[in-house]
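The values are calculated or read from the model by the stated rules, or taken from the named source; none is laboratory data. Just so it is clear, the model here is predicted, and its values are computed rather than measured. Positions of Cβ are backbone-derived with ideal geometry, glycine not excepted, and every protein chain shown enters the neighbour counts.
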Amino acid sequence: MKTMEAGKRIALKNILFATDFSPCSNAALPYALSVARRYGATLLAAHVMPTESDMLFMSPENWSAAAEEEDKRIQGCIEQLESQLHGLPHGVLTPRGKVSDALAQIIEGHDIDLLVLGSHGRSGIRKLVMGSVAEEIFRRAACPVISVGPNVSRKPDREAEFHRILFATDFSPESLAALPFAISLAEEDVAQLALLHVAVQPAVGIVDREAVTASLVRRLRELIPTEAKPWCDAECLVEFGGRFVPPAERILEVAEDRAADLIVLGVRRVHSNLRLVTHLASTTDQILTQAGCPVLTVRG
């Protein structure tokens with residue numbers, strides 16, 4: 001994905017939907033379909049097939065029968081998925097190997113601009129040995145990711161629409177990398193866009209809280225590019241957190257209060273121990289797992 005200036009329409013040509021055909025994974029499909037149609041993108045669906053090493057917990061005499069049963073199940077799921085993708089430029093990929101490795105190769109080899117997945121999906125022959133791989137996939141993906149977490153309650157049957165989008169920022173370059181996506185998606189769906197900054201609670205009697213709020217609201221408004229202002233009447237919000245109220249809690253509260261359909265965050269990669277840290281301290285995991293709506297993360 002090439003870096004886009006804020007206010008410019010982002011280019012999504014190839015979207016990848018990762019699935020293990022579990023209900024958690026399938027919950028993310030309407031979002032992949034929706035974004036693909038709006039941007040005229042090709043939608044690739046990928047299910048990573050198990051290898052013999054994935055079946056080591058089973059006795060050898062059961063390998064052949066289990067593999068045959070799994071192949072039949074997957075073939076039925078693929079046929080159903082093909083029917084759901086009808087009318088879109090699409091493809092279905094079934095590589096074998098480690099899930100995160102296979103998806104990383106697809107993202108690179110097919111020039112993927114966006115990955116869509118449901119988190120905590122586990123099913124089939126890999127259930128006992130694979131566990132939840134969504135976290136590793138999320139951290140390794142070299143493109144923006146829409147994650148549909150376990151607490152997303154408003155799950156559409158077919159295609160999804162974003163009516164209210166919440167973009168959270170601390171004004172760092174990493175967080176602002178996600179702003180063009182928030183603006184572009186808001187324009188595509190004619191959605192209400194809210195910009196949120198969670199500030200440290202000012203000291204009582206020392207700092208004028210109202211003055212701080214007004215200054216931060218002005219700063220948020222300045223983020224909206226000139227070319228987007230005619231249509232983008234963004235709501236600018238300032239909330240205060242602190243030692244006992246982490247930024248993640250404030251973001252989740254605002255998202256719930258405004259019935260947000262999508263939270264947008266800019267993140268940066270930290271290379272030690274595959275840890276991922278956001279511009280809002282270490283809150284990405286909390287937001288992804290607790291949000292009542294999908295979360296779009298964009299690497300700065």
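Quick notes on this one:
- A single entry from Gly97, Gly87 fulfils the requirement of being at pLDDT below 90 and over 23 Å from the mean Cα position of the chain (by Cα): Gly97.
- Total residues in the stretch 14-25, condition modelled with pLDDT of 95 or more and touching a helix residue (DSSP H, G or I) at 6+ places or on another chain (Cβ under 8 Å): 3
- Residue ID - surrounded by the most Cβ atoms within 10 Å (Cβ to Cβ), chosen from residues in the stretch 84-115 that are among the polar types (S, T, N, Q) and touching a residue at least 40 places away in the same chain (Cβ under 8 Å): Ser100
- Hits in the stretch 233-244 (condition: in a loop (DSSP other than H, G, I, E, B) and in contact with a Leu (Cβ under 6 Å, 6 or more places away or on another chain)): Ala234
- Top-ranked residue of the stretch 245-268 - restricted to ones that are assigned to a loop (DSSP other than H, G, I, E, B) and of a type outside the set (Gly, Ala, Ser), ranked as surrounded by the most Cβ atoms within 10 Å (Cβ to Cβ): Asp261
- Scanning the stretch 26-63 for residues that are at pLDDT below 65 and part of a helix (DSSP H, G or I) turns up Glu52, Ser53, Asp54, Met55, Pro60, Glu61, Asn62, Trp63.
- Some residue of the stretch 260-274 being at pLDDT 90 or above and either out of contact with any Leu (no Cβ under 8 Å at 6 or more places or on another chain) or of a type in the set (Phe, Trp, Tyr) (or both): yes
- Listed by first and then second residue, the pairs linking a residue in the stretch 11-30 that is on the phi > 0 side of the Ramachandran plot and surrounded by 20 or more Cβ atoms within 10 Å (Cβ to Cβ) to a residue that is among the polar types (S, T, N, Q) and modelled with pLDDT of 90 or more, with Cβ atoms under 9 Å apart and 6 or more places separating them unless they lie on different chains, form an empty list.
- Helices (runs of 4 or more DSSP H) wholly inside the stretch 161-231 containing at least 2 residues that are farther than 19 Å from Gly300 by Cβ and at pLDDT 95 or above: 209-221
- Residue in the stretch 124-140 that is modelled with the lowest pLDDT, counting only those that are crowded, with 21+ Cβ neighbours inside 10 Å and out of contact with any helix residue (DSSP H, G or I) (no Cβ under 6 Å at 6 or more places or on another chain): Ala134
- Number of residues in the stretch 76-110 that are more than 28 Å from Arg139 (Cβ to Cβ) and small (Gly, Ala, Ser): the value is 3.
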